[in-house]
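Following: one structure in structure tokens, then a few remarks.
Each value in this text was obtained by applying a stated rule to the coordinates, not by laboratory testing. The structure presented is a predicted model; accordingly, all values stated were derived computationally and were not measured. Neighbour counts run over all protein chains shown; Cβ positions are idealised from the backbone, glycine included.
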């Protein structure tokens with residue numbers, strides 16, 4: 001009888017500890033540092049840090065995983081994961097977005113260092129092989145150009161969890177003429193992994209704010225997503241007002257994109 005009682009107490013203790021455990025959210029994305037970096041790093045990316053601090057104030061933990069972007073989007077769309085990191089409205093228009101963005105990107109063209117070509121308009125891409133990341137959105141005009149079957153021979157799509165590395169290797173080998181990548185991401189890569197890589201900035205296409213702003217975007221398959229998006233938007237605004245957001249960004253060598 002004593003053994004049975006002890007066993008029952010042990011079961012109760014296990015279930016009690018589980019019930020008292022803090023709830024958690026699973027955030028996923030491909031590596032896009034400094035927006036989101038390595039999960040085990042002391043600097044997991046400023047968007048991950050914003051989310052962690054926002055939800056920690058409500059006793060919700062964040063689990064962050066690296067996946068290929070298409071896999072991250074699809075898994076979050078079906079409710080396997082709670083949110084994706086670094087999404088523009090055009091990446092997943094069916095997702096639930098906070099009212100305030102957690103970052104702002106600047107898509108840019110990159111070429112080999114000895115290349116004199118500079119982006120003027122969409123027509124200036126004629127004859128150039130362009131490297132793009134699978135599932136990414138680059139704004140309405142470029143997205144239309146990339147999707148046009150007539151340009152298929154001039155579009156090289158990079159897949160995987162780290163497309164920037166593949167793109168730079170293809171650029172160096174002459175397999176592509178240009179690549180599209182966010183300026184902060186490319187400069188961070190060069191500063192930390194390859195400052196001597198022979199690449200140069202070759203132009204910045206204009207992008208409307210709806211395409212430049214990036215978010216932690218929540219699964220459309222979960223009823224809780226609306227509340228979670230509202231919470232993150234509210235906490236992002238509070239961090240900006242208190243100066244905490246600027247301090248997070250400063251750790252990554254960045255400034256608040258909304259600052260005057």
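How high is the relative contact order of the stretch 107-206, given as a whole-number percent (alpha carbon pairs under 8 Å, six or more residues apart)? Could the numbers behind the result be given before it?
Numbers: 135 pairs, mean separation 51.9, N = 100.
Relative contact order for the stretch 107-206 comes out at 52 percent.
If you take every DSSP beta bridge fully contained in the chain, what fraction is antiparallel? Give it as a percent rounded to 5. Rounded to the nearest five, the antiparallel share is 55 percent.
Stretch residue 172-residue 150 to full length: gain in nm at 0.36 nm per residue minus the Cα-Cα span? Each step should come with its number before you reach the end.
Values: separation 22, 0.36 × 22 = 7.92 nm, distance 2.56 nm.
Net length gain for the segment: 5.4 nm.
Report the FRET efficiency, 1/(1 + (r/R0)^6), for residue 120 and residue 41, where r is their Cβ-Cβ distance and R0 is 41 Å, rounded to 0.05. So the FRET efficiency works out to roughly 0.60. Relative to one another, the C-alpha centroids of the stretch 72-148 and the stretch 206-233 are positioned 16 Å apart. For the listed peptides 213-219, 161-167, a ranking on the average number of other beta carbons within 10 Å per residue, highest first, reads 213-219, 161-167. Counting other Cβ atoms within 10 Å as a rough exposure proxy, the listed residues 117, 110, 257 run 257, 117, 110 from fewest neighbours to most.
What does the C-alpha gyration tensor say about the overall shape of the stretch 181-223? Classify as rounded when a/c is under 1.5, otherwise prolate if a/b is larger than b/c, or oblate.
Working: a/c = 4.77, a/b = 1.84, b/c = 2.59.
Oblate is the answer for the stretch 181-223, as a/c is 1.5 or above yet b/c matches or exceeds a/b.
The ranking of 239, 179 by Cβ neighbour count inside 10 Å, starting from the fewest, reads 239, 179.
Only Cα pairs under 8 Å and 6+ residues apart enter the sum, and on that basis the relative contact order of the chain stands at 29 percent.
Applying a 10 Å radius around every beta-carbon, put 221-234, 138-151 in order of their mean neighbour count, most first.
On the way: 221-234: 16.4, 138-151: 14.7.
Listed from highest to lowest mean packing, they are 221-234, 138-151.
What residues from the stretch 143-181 fall in the zone where the backbone N is under 15 Å from a label point 7 Å along the Cα-to-C-beta line of residue 74? Once the point is set 7 Å along Cα→Cβ of residue 74, 159-161 turn out to lie under 15 Å by backbone N, inside the stretch 143-181.
With runs of 4+ DSSP H residues as the only contributors, calculate the mean residue ellipticity of the chain at 222 nm using -39,500 (n - 2.57) per run, divided by the residue total and rounded to the nearest 500.
Values: 9 runs with 97 residues, N = 260.
When only DSSP H runs of four or more count, the value is -11000 deg cm²/dmol.
At R0 = 22 Å, how high is the FRET efficiency between residue 24 and residue 237 if r is their beta carbon distance? Nearest 0.05 is fine. Efficiency computed from Cβ-Cβ geometry: 0.40.
Full extension from residue 65 to residue 221: what is 0.36 nm times the residue separation minus their Cα-Cα distance, to one decimal in nm?
So the chain would gain 54.2 nm between residue 65 and residue 221.
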